[in-house]
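The values are calculated or read from the model by the stated rules, or taken from the named source; none is laboratory data. This structure is a prediction, so every number in the text was calculated from the model and none was measured. Using ideal geometry, Cβ is built from the backbone for each residue, glycine included, and neighbour counts are taken over all protein chains shown.
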Amino acid sequence: MYGSRLETPTAGSVTLEENSAYYRVSWSDGGYRQQALIDKKSRIIVRQRTLGNKDGALVREVDRTSLIKAGGSYYPRRISIYDREQRQKVTFLFSQLEFDPTIPADTFIIKLPKQYEEKSLADFMKDYPF
């Protein structure tokens, strides 16, 4: 599932709160306070926040919203990423999800430009005794 992995410290203070719809996990890491909001129904991390330890100001945030169910799992249709240090916010909106689409066999074939020639690594390494 997209947004289903959460890396928390193995030691230290990790707190867990919950209400009828969400789990909220908080912990300190690298001078910042980390928070994750997990949707109970979909089990997706719908919001991840990095806050300054001293002032509590928002440093980074990832929001996953407009969840849809496809193939027995939930996926976000909208993902927004905010980064205060980079002074940027970007939002991705997925209009269509496809699973196992038919991809032509030659889609991922690497074709060398005419000025290059393909050689095996074994031929190249024969001049280097190890």
Quick one: Thr15 ticks every box in (1) modelled with pLDDT of 90 or more; (2) over 27 Å from Asp100 (Cα atoms) bar one, so which box is it? (1)
Could you please give the count of residues in the stretch 72-114 that are charged (D, E, K, R), at negative phi and in a loop (DSSP other than H, G, I, E, B)? 6
Scanning for something in contact (Cβ under 8 Å) with a residue 40 or more places away in the chain, touching a strand residue (DSSP E or B) at 6+ places or on another chain (Cβ under 6 Å) and assigned to a strand (DSSP E or B), does the stretch 28-46 turn up at least one residue? yes
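Can you confirm whether Thr65 is among the β-branched types (Val, Ile, Thr) and surrounded by fewer than 10 Cβ atoms within 10 Å (Cβ to Cβ)? Steps first, please.
Values: among the β-branched types (Val, Ile, Thr): yes; surrounded by fewer than 10 Cβ atoms within 10 Å (Cβ to Cβ): no.
No.
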